[in-house]
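Asks: Before we start, here is the structure in question, set down as structure tokens.
What follows is calculated from the coordinates using simple rules that are stated; it is not laboratory data. Bear in mind that the values here come from a model prediction, so they are computed numbers and not experimental data.
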Amino acid sequence: MMSNQYQLLITTSGAPRLVCRRSYDGEDRLEVRELSTRTTLQIRAHEISPYRHTLLLEGTEYQILSVVRH
């Protein structure tokens with residue numbers, strides 16, 4: 001059976017630049033900012049794209065470097 005877990009590699013934009021990994025179930029709803037419109041949305045983890053979204057966690061915006069299904 002294939003796992004429905006997604007691992008996001010994220011980074012802050014400020015200095016010092018922090019990089020971390022976060023794991024989510026594919027159905028978890030995450031708050032993101034759409035890059036083209038700057039609109040804040042809630043989408044499922046399996047819908048996240050590093051090319052279209054930044055991740056919002058506790059008021060901080062993180063650039064998404066990669067999304068890996070594992």
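Asks: Mind checking the full-extension length gain between Y51 and S13? Use 0.36 nm per residue of separation minus the Cα-Cα distance, one decimal, nm.
Replies: Here the segment from Y51 to S13 would lengthen by 12.1 nm.
Asks: How long are the three semi-axes of the equivalent ellipsoid of the chain, in whole Å, if each is the root of 5 times an eigenvalue of the C-alpha gyration tensor, listed from largest down?
Replies: Over the Cα atoms of the chain, the ellipsoid semi-axes are 20, 15, 10 Å.
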